[in-house]
Amino acid sequence: MDPSISWLQPEQEGPAKLLWLRIWQTQQELDSMNIKDVDSDTETFPNGFASHIMNGKTDKSGTTFIQRRRKGDNRASTKMMSRNPQKVVGEYGGCPWRKDPNRYDRGIRGLHQEIEHFYQWMNPTQTEHNMRADVVYRIKQIIVSKWPEAQVEVFGSYRTGLYLPTSDIDLVVIGPFAGKWSNLPLRTLEQEFLDNGVAQENSIKVLDKASVPIVKLTDKQTEIKVDISFNMSNGVKSAELIKSFILKFPVLPKLVYVLKQFLLERDLNEVFTGGISSYSLILMCISFLQLHPRSEMLANGNLGVFLIEFFELYGRKFNYMHTGIRIREGGRYISKEEMQKDMVDGHRPSLLCIEDPLLPSNDIGRSSYGVLQVKRAFEYAYTVLTNAVLPLSSHSVCQEHSILGRIIRVTDKVIQYRRWIDNTFGHRYSSPTIPRTRPPRSLSSSGSTSSVEESGGSSEGSDPPSRDISPNNIHIPQRHIQPKNHPQWRNRKYKNSPHNNYNQSTTTKRKKQTKQC
């Protein structure tokens, strides 16, 4: 068992755990030694997979080396769960979605109820959504002030409403100036952000060598990460396509939330580090629902059953070597030989082959070179959940132990960040000019949401919260963007970061006993 994709369960505590972790750590240290003069942060795959893995490194002997996940600032990461769980979920227990009192059914029905509550807890509050709308507005003002004819559009998870509290905001700059530039103005845009002081120091990165050049930054006020690309209008069309499938499959958002959190915790949610993108994951979910043998159950079926079946399909049964995914025309599986006929420039289908519904010749999963690691994580989740929901299993008593918490935990850093947002920005968006599409939520001290009724027993068939929170429906009062040398910027100090004042004061006041999951 690899601690990068799994963690030891409470019943596995004991001397054997300590011995196994010591062996695993020793093996990791041996693997990192520079024996073959390759990158220390690599893993090897058999030669048989070399032709199916994109962007890998191959030495003279034919062995393919794949770069692992680079360390980053991921608040949701549970990489230290096996070695030091108290450091990751010590204060809040890792399961803030569980209701008090915990009235859950046994087995698969209890798992369904937990997924419902997890979805409700993970839903963005009105403050979180309006805060992101404000970030979009400020960045848009800077871009439009430089290029008045430009159009700035939101796409990705923020446009579809399927974003986690720590998700990035994806923006695309579209305009008639595309044909007038020999090179994209990435550096010019970088300088504009520096002059206006909108980004944290040293957070702006220009990825001009990537297949899709982007400018990355972290907003100074909110610590939200923003990715800005140019002339990629398909991103907006893809978001609208996903929204149409959300209307068709009501269970889709709930599955996506759980799966996105599952991958995010394990650092498997980024393409450039070998994981799979949110778009790929959503298309996999759509294909799973399109081809589900019990289509009549998709409206109000058991979410626990759907989740386990998804892990079983992509963790054990799906043939990654020969099969591709198509969601056009009702959805079906296609052979990679058939898909290659539509591909151009000598491209071949990748290991995770997903046909782009808007451009059939494009393979969405072509850059996910670490998909085998994702497959292993899915298989691990299938095994853990299947054993937990068995009727005779001692772990199926969901009222006493979290079944969903065996594969997903919300870290203390994420909970603290959400509360910092609520405390810092909650009062800022009380203006009547901002329409509220649903009652605002606030995070209670136990982690549950105050606007959602406590539910005992089964929650099957319950209505999902409103997702009509498109960025196009939010109006932020206009404010003038001052240049960086203006006195306003010289006198402004952001002291309310969750990395300093919050952990020193607010946490001390609100600290409570850890909830057992």
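The values are calculated or read from the model by the stated rules, or taken from the named source; none is laboratory data. Only a predicted model underlies this, so the values are computations on that prediction, with no experimental measurement involved. Here the Cβ is made from the backbone with ideal geometry for all residues, glycine too, and neighbour counts use every protein chain on show. To get the accessible areas, we keep the full protein, side chains included, count just its heavy atoms, and leave off ligands, DNA and RNA. Shrake-Rupley method; radii C 1.70, N 1.55, O 1.52, S 1.80 Å.
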Seminar exercise, completed: Taking first residues from region 408-423 that are open to solvent by 10 Å² or more (accessible area, probe 1.4 Å) and second residues anywhere that are part of a helix (DSSP H, G or I) and of a type in the set (D, E, K, R), the pairs with Cβ under 9 Å that are 6 or more apart or on different chains are 409/265; 412/87; 419/510; 422/128
Seminar exercise, completed: With the first residue restricted to region 333-349 and required to be farther than 17 Å from residue 368 by Cα, and the second required to be of a type in the set (A, V, I, L, M, F, W, C), Cβ contacts under 7 Å at 6 or more apart or on different chains are 333/325; 339/353
Seminar exercise, completed: The one condition residue 258 fails out of (1) free of Cβ contacts under 8 Å to residues at least 24 places away in the same chain; (2) open to solvent by less than 50 Å² (accessible area, probe 1.4 Å) is (1)
Problem set entry | Residues of region 333-387 satisfying the condition of being of a type in the set (Lys, Arg) and more than 24 Å from residue 315 (Cβ to Cβ) | 341, 348
For this session: Would you please name the residue that is nearest to residue 356 (Cα to Cα), looking only at residues in region 284-307 that are part of a helix (DSSP H, G or I) and open to solvent by 20 Å² or more (accessible area, probe 1.4 Å)?
Result: 290
Exercise. With respect to residue 127, is the statement that it is part of a helix (DSSP H, G or I), buried (at least 19 other Cβ atoms within 10 Å of the Cβ) and of a type in the set (S, T, N, Q) true?
Worked result: yes
Problem set entry | Filter result (at pLDDT 85 or above and either among the acidic types (Asp, Glu) or under 16 Å from residue 148 (Cα atoms) (or both)) within region 169-192 | 170, 172, 173, 188, 189, 190, 192
Seminar exercise, completed: Per the filter on region 322-337, residues part of a helix (DSSP H, G or I), open to solvent by 70 Å² or more (accessible area, probe 1.4 Å) and farther than 16 Å from residue 291 by Cα are 337
For this session: Among the numbered conditions (1) farther than 24 Å from residue 239 by Cβ; (2) open to solvent by 40 Å² or more (accessible area, probe 1.4 Å); (3) touching a residue at least 40 places away in the same chain (Cβ under 8 Å), tell me where residue 319 comes up short.
Result: (3)
Problem set entry | Qualifying positions in region 184-204 - on the phi > 0 side of the Ramachandran plot and either among the aliphatic types (A, V, I, L, M) or open to solvent by less than 30 Å² (accessible area, probe 1.4 Å) (or both) | 197
Exercise. Quick one: what pairs do we get from region 305-316, first residue free of Cβ contacts under 8 Å to residues at least 40 places away in the same chain, second acidic (Asp, Glu), C-beta under 7 Å, 6+ apart or different chains?
Worked result: none
Exercise. How do the strands (runs of 3 or more DSSP E) wholly within region 138-242 filter down when requiring 1 or more residues that are among the acidic types (Asp, Glu): which remain?
Worked result: 151-155, 169-174, 225-230
Exercise. Any idea which of 220, 225, 243 is modelled with pLDDT of 90 or more, open to solvent by 20 Å² or more (accessible area, probe 1.4 Å) and in contact with a Phe, Trp or Tyr (Cβ under 8 Å, 6 or more places away or on another chain)?
Worked result: 220
Exercise. Mind checking which residues of region 343-369 are modelled with pLDDT under 85 and either exposed (fewer than 13 other Cβ atoms within 10 Å of the Cβ) or closer than 19 Å to residue 239 by Cβ (or both)?
Worked result: 344, 345, 346
